[in-house]
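A.B. asks: My questions all concern the structure below.
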Amino acid sequence: MNPAPHTPAQPPDGLLTYRLLTGPDDAAFCRRVSDALALGYQLYGSPAATFNGVNVIVAQAILWPSNQSVAAKSR
């Protein structure tokens, strides 16, 4: 079994440590979440969904791992 790779203290390319991804519930949204996970983000909380009269709109919070212990303490 390989050890977990080292996660840098900050996300790459100037991205924020906390992000809320939102958009229509489609393949493009799923790809955005998958891309963030591949970068090293972790899901934070449960996804949310609503209907705007035309489309289902979804949201998923993601958090860079170095901030998860801080977030857990603030709950």
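A.B. asks: Along the Cα→Cβ direction, 7 angstrom out, place labels at ILE57 and ALA27. What is the inter-label distance in nm?
C.D. replies: 2.4
A.B. asks: Mind giving me the nanometre distance, one decimal, between the label points for TYR44 and LEU16, set 7 Å out from Cα along Cα→Cβ?
C.D. replies: 0.9
A.B. asks: Just add up the charged neighbours of ARG32: K/R +1, D/E -1, any other residue whose Cβ is under 13 Å from the Cβ of ARG32.
C.D. replies: Values: positive: ARG19, ARG31; negative: ASP25, ASP26, ASP35.
Here the charged neighbours net out to -1.
Computed from the coordinates by the stated procedures, all read-outs in this text should not be read as laboratory data. Small disclaimer: the values here were computed from a predicted structure and weren't measured. Glycine also receives a Cβ, built like all others from the backbone with ideal geometry; neighbour counts cover every protein chain displayed.
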